[in-house]
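Student: Mind looking over this structure? Questions follow.
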């Protein structure tokens, strides 16, 4: 099984490593020479262009920042789609917008290529440990063929359905995460200002209808849960600017689908305010400080 | 133990009944003669005025609609505070605003009375079965004295702390509930419009960072969970107009405490829109229909 | 014409002065002795209680902070309503909530008193110069009787209609003012970040469909208009905390009237954030700094 | 002066006609044969491809729907940029996103072409009458060269500055228009529910700090102003779905510029709700019906 891997950042590098550890032949490409060097030192092959990387591969994986980057990598004479063998599989693990994802699926389909949109969650730690959750959209037979590879990078694979469903699942889940994190923050700040003890409110609400993952697994108030960013001055974790990026993807998706997302949209604005105040690199649960004016 | 009980509506009547079943002597008062008659038929005594009701009681309980009603019942020459024996306890089980609650605590304290704010959750069914959750604010020794009585009406008692903490706990929890219910609704509507199967999204998000009680115990989408209002055309359950009332209490609390609640405030506006469109008696999870334009 | 005047703050003092300048006999009352002393030095009479102030007056005017204060001043055995001669007129110039205003109108009516709600705009400068705008609600014949007095305090009198209409007019106008001020601020911040010159944007939008008083008479961007708070580091003018108070009144009114105010409600939250960050005494046009993160 | 004109819809057709009326030689292109036929019947030349249209022209104008369409028309071997003579000018009159506009300016610049972004306002009536307002971004010398042509299509030309400034001006102005229209609507609905006469509120607020173009030139309440959509059951005018499109452009611009637009974002959600309820073709001032639940 010959694999091409494009995008060797904080997430991509450990993911590619896990493929190598599993005995697969991995060829890598990145615009940053140092990132490539670090991989070849560990046994990866290096391609000098996307065209070279794609040639002769069974699977090409991308893990980059934006829909435009994925699009540029795939399209054109030197791109993945024109240079990967017919019948091969293209897997995009980036978190990008629905419109671009669907357009690439259409194009791959016309060219006789398999494609999966396969965004991940679990962060850098999960990428290193191979414990990512991977949400997958695309044809089911393509998913079945790619499953053994995806299992090397993630612990939990969820096949979400038709093309774009992987991105849709991640976008909708993360929008809900942002809303509930801000909701939990508002509730704790209000409770505190009303003179209700924070631990008492946690005890009550976590056992009642206010319970949510943002409260019971990732509480934004220091001193309630162990091992959460709130206890280490909101060092990430999952950075506020990355949450803002996901909320912008939700807005793009909502625009494309004609869906109203009043709280999702307002959450985007609040994270925009927070990031503008210089806190983009803080964990996203630090948004509680915007509300408490700390 | 002689108890006075004011307010024999859908909640108050079964609560008073449960006190009688436990062998307590209960005197009741309500402006609706039929409500009083139904209670006396079951063995309660009836008072013809608040003054008469309060006289000689160990505990007086109110279960009414608004802070103004509680205030009017307590104050003045004919009110509870001037006519209940010194050293007695006043328990307000209504869900009312923080400012009124704290003012009444102050006044009760000056008069040598004990007071507890003790709003409940669990609905009419919980009131009948005696399984309400009761959130209690007030001095701890007053709580200890009243505990045996509260246990007859509720299954789970939570002592939240200083005066007003019971109301604060309920208000903050329910605001968070409204936010997460709308958040879940936005996420499902968007997922659906993006072509992601609803059951698949539930499977993914309920096991991920989007998990919350609104999704996993009270899902607003029909056909996902059993026995939720979504499966019976959103018959309540907990009515949208009652959620709106609680969100208005959250706004009053936020004003008094100088706390920003951007998503809580927006949730109030969305429920206001929904109630104005004629859906006040629908279950609060029906808000998903506002977003999906059904 | 004997007038009683209660509330000698920054607004009330100059308003009472203008009545005296017009030759009216003014008796004053305030809890702050210094405020009273300053008025008596200029020829006012002082009353030692509300009861004494009300006795024998043709008109009693209040200019205080909250609905509760007005209510407390009017009601009870020592209050204005029981001690002013039957047939006299009570004028409340405070900016307070609709519910309290309407309740006081009802009570005054039962007692055979005339009442007007008559909130003002124009600030301290307008109060001193006698150039306030006064919005008046109440029966038209009562308004006609009070008109000569109101004309001494304000330059522009607007009779808005039935009881409560004065407060309604002020609340709705100021809510719209807050919304448009934030809207103008968002537009300028976005334009600036997009590289569009601020003066150019002003030139375009002030002559197009974006024109509004907040832009063309009170522009929040420094260097566009003369003599606006933006040009003096946002020294008020009209303080952000006073705008927040008015937005809270709008929320109370919307609750009482079952009206959705999504942008009004969000404006309240934004001013709450701004005030919480320590800027309550800044002019309300300083909200642009919240958006530009300056 | 030889002009190529692409996009013969409701706006483009009358704009191209006005160029012909002024004696210019106009060659047109559109994917709809009927639209082309209607123009050639009036004396225009027709090109069978974009390539043919661009060849030999002094100026090429586009008036289409989306940034992607403009981009596709300009780029590629058959596009405007590769086939228009060096030194010619490309004018995009479409309302599109800032990111695409700036990217096209960059590309045009590299190829030695002049480019202007020149979105219009004034609607179909303004296009027909040649009275459009045109907001123009690009190099000043390019603007000067194109001015005589733009004057044939618009009555008021505003040179806004550097590349992208035309789009920025339109986007920011229209976002502010949406905010103030919703704000005016909220204020009127609240005033009405509080019992304040609509004409009275108009009289007060239009002369006070709530004044804005949405109120005094385009009032959403029927019976206040003459000749506004409110008086003809909200027949457009400017359709709600077009306002939604502009608000989506504002969100894209805000994302690109890292600007928070809380009220602009919420306005987009409210128009999305309104359009989803089936009112996309109604005038944008009809949004008042969403708030009044009519």
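The values are calculated or read from the model by the stated rules, or taken from the named source; none is laboratory data. What you see is a predicted model, and the numbers here were worked out from it, not measured in a lab. For neighbour counting, all protein chains shown are included, and Cβ atoms are generated from backbone atoms with ideal geometry for every residue, glycine included.
Student: Please enumerate the residues belonging to region B:208-236 that are loosely packed, with under 15 Cβ neighbours inside 10 Å and either within 7 Å of chain A (Cβ to nearest Cβ) or part of a loop (DSSP other than H, G, I, E, B) (or both).
Tutor: Listed by number, the residues that qualify are B:217, B:223, B:226, B:227, B:233, B:235.
This table checks each residue for (1) buried (at least 24 other Cβ atoms within 10 Å of the Cβ); (2) assigned to a helix (DSSP H, G or I); (3) free of Cβ contacts under 8 Å to residues at least 60 places away in the same chain.
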{"site": "A:95", "(1), (2), (3)": "yes, no, no"}
{"site": "A:115", "(1), (2), (3)": "yes, no, yes"}
{"site": "A:126", "(1), (2), (3)": "no, yes, yes"}
{"site": "A:136", "(1), (2), (3)": "yes, no, yes"}
{"site": "A:145", "(1), (2), (3)": "no, yes, yes"}
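Student: Across region A:172-192, what is the total count of residues that are more than 7 Å from chain B (Cβ to nearest Cβ) and closer than 18 Å to residue A:123 by Cα?
Tutor: Here the count works out to 3.
Student: Let me ask something additional. What number of residues in region D:19-41 are under 15 Å from residue D:150 (Cα atoms) and surrounded by 21 or more Cβ atoms within 10 Å (Cβ to Cβ)?
Tutor: 2
Student: Does region B:66-83 hold any residues that are outside any helix (DSSP H, G or I) and within 14 Å of another protein chain (Cβ to nearest Cβ), and which are they?
Tutor: Those that are outside any helix (DSSP H, G or I) and within 14 Å of another protein chain (Cβ to nearest Cβ): B:66, B:75, B:76, B:77.
Student: Can you tell me how many residues in region D:104-121 are within 14 Å of chain C (Cβ to nearest Cβ) and in contact with a helix residue (DSSP H, G or I) (Cβ under 8 Å, 6 or more places away or on another chain)?
Tutor: The total comes to 5.
Student: Right, something else. Residue C:151 fails exactly one of the following numbered conditions: (1) facing another protein chain (nearest Cβ under 10 Å); (2) farther than 28 Å from residue D:161 by Cβ; (3) not in a strand (DSSP E or B). What is the number of that condition?
Tutor: So residue C:151 meets the others, but not (1).
Student: Would you confirm, using the coordinates I've provided, whether residue A:79 is over 20 Å from residue A:159 (Cα atoms), surrounded by fewer than 19 Cβ atoms within 10 Å (Cβ to Cβ) and modelled with pLDDT under 95?
Tutor: no
Student: Read through the list (1) out of contact with any strand residue (DSSP E or B) (no Cβ under 9 Å at 6 or more places or on another chain); (2) within 14 Å of another protein chain (Cβ to nearest Cβ), then give the number of the only condition that residue B:86 fails.
Tutor: Going through the list (1) out of contact with any strand residue (DSSP E or B) (no Cβ under 9 Å at 6 or more places or on another chain); (2) within 14 Å of another protein chain (Cβ to nearest Cβ), residue B:86 breaks only (2).
Student: Give B:225, B:177, B:196 a once-over and let me know the one that is outside the structural domain of residue B:17 (by TED's automatic domain parsing) and touching a residue at least 12 places away in the same chain (Cβ under 8 Å).
Tutor: Sole residue among the options that is outside the structural domain of residue B:17 (by TED's automatic domain parsing) and touching a residue at least 12 places away in the same chain (Cβ under 8 Å): B:177.
Student: Test residue B:160 against the stated conditions and say whether it is at the interface with chain A (Cβ under 9 Å from one of its Cβ atoms), in contact (Cβ under 8 Å) with a residue 24 or more places away in the chain, at negative phi and assigned to a helix (DSSP H, G or I).
Tutor: For residue B:160, the condition - at the interface with chain A (Cβ under 9 Å from one of its Cβ atoms), in contact (Cβ under 8 Å) with a residue 24 or more places away in the chain, at negative phi and assigned to a helix (DSSP H, G or I) - is not met.
Student: Determine which single condition residue A:54 fails, assuming it passes every other condition in (1) under 25 Å from residue A:139 (Cα atoms); (2) in contact with a helix residue (DSSP H, G or I) (Cβ under 6 Å, 6 or more places away or on another chain); (3) surrounded by fewer than 24 Cβ atoms within 10 Å (Cβ to Cβ).
Tutor: Exception for residue A:54: condition (3).
Student: Against the condition buried (at least 22 other Cβ atoms within 10 Å of the Cβ) and outside any helix (DSSP H, G or I), how does residue B:286 come out, does it pass?
Tutor: For residue B:286, the condition - buried (at least 22 other Cβ atoms within 10 Å of the Cβ) and outside any helix (DSSP H, G or I) - is not met.
Residues are listed down the side, and each one gets a yes or a no for (1) at pLDDT 95 or above; (2) farther than 21 Å from residue A:132 by Cα:
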site	(1), (2)
A:207	no, yes
A:236	no, no
A:245	yes, no
A:255	yes, yes
A:263	yes, yes
A:269	yes, yes
A:272	yes, yes
A:275	yes, yes
A:285	yes, no
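Student: A further question follows. Say whether the condition of being surrounded by 22 or more Cβ atoms within 10 Å (Cβ to Cβ), away from chain C (no Cβ under 11 Å) and assigned to a loop (DSSP other than H, G, I, E, B) is met by at least one residue in region D:240-251.
Tutor: No, because not a single residue in region D:240-251 is surrounded by 22 or more Cβ atoms within 10 Å (Cβ to Cβ), away from chain C (no Cβ under 11 Å) and assigned to a loop (DSSP other than H, G, I, E, B).
Student: Here is a follow-up. On the basis of being within 8 Å of another protein chain (Cβ to nearest Cβ) and either touching a helix residue (DSSP H, G or I) at 6+ places or on another chain (Cβ under 8 Å) or at pLDDT below 95 (or both), does residue C:195 make the cut?
Tutor: In short, yes.
Student: Another one. Among C:16, C:44, which is the only one that is surrounded by 16 or more Cβ atoms within 10 Å (Cβ to Cβ) and over 26 Å from residue C:238 (Cα atoms)?
Tutor: Exactly one of C:16, C:44 is surrounded by 16 or more Cβ atoms within 10 Å (Cβ to Cβ) and over 26 Å from residue C:238 (Cα atoms), namely C:44.
Student: Further question: Yes or no: region C:270-285 includes at least one residue that is at the interface with another protein chain (Cβ under 7 Å from one of its Cβ atoms), in contact (Cβ under 8 Å) with a residue 60 or more places away in the chain and closer than 30 Å to residue D:288 by Cα.
Tutor: yes
Student: Name the single residue that is nearest to the chain's Cα centre (by Cα) among those in region A:65-76 being without any contact (Cβ under 8 Å) to a residue 60 or more places away in the chain and surrounded by 23 or more Cβ atoms within 10 Å (Cβ to Cβ).
Tutor: The extreme case among them is A:70.
Student: Can you work out which of the residues in region C:252-269 that are closer than 19 Å to residue B:258 by Cβ and facing chain D (nearest Cβ under 8 Å) is surrounded by the most Cβ atoms within 10 Å (Cβ to Cβ)?
Tutor: Checking each candidate, the answer is C:267.
Student: Here are some conditions: (1) assigned to a helix (DSSP H, G or I); (2) over 30 Å from residue B:250 (Cβ atoms); (3) touching a strand residue (DSSP E or B) at 6+ places or on another chain (Cβ under 6 Å). Residue C:180 meets all but one. Which one does it not meet?
Tutor: (2)
Student: Given the criterion at pLDDT below 95 and either touching a helix residue (DSSP H, G or I) at 6+ places or on another chain (Cβ under 8 Å) or not assigned by TED's automatic domain parsing to the domain that holds residue B:127 (or both), identify the matching residue among B:17, B:10.
Tutor: B:10
Student: Still on this structure: Using the structure shown, decide if residue B:169 is within 21 Å of the chain's Cα centre (by Cα), within 7 Å of chain A (Cβ to nearest Cβ) and either in a loop (DSSP other than H, G, I, E, B) or under 17 Å from residue A:187 (Cα atoms) (or both).
Tutor: Taking the combined requirement at face value, the residue satisfies it.
Student: Based on this model, can you work out whether residue D:183 counts as closer than 17 Å to residue C:176 by Cα and crowded, with 24+ Cβ neighbours inside 10 Å?
Tutor: yes
Student: What is the one condition in (1) out of contact with any strand residue (DSSP E or B) (no Cβ under 9 Å at 6 or more places or on another chain); (2) facing another protein chain (nearest Cβ under 9 Å) that residue D:204 does not satisfy?
Tutor: If we test residue D:204 against (1) out of contact with any strand residue (DSSP E or B) (no Cβ under 9 Å at 6 or more places or on another chain); (2) facing another protein chain (nearest Cβ under 9 Å), just (1) comes out false.
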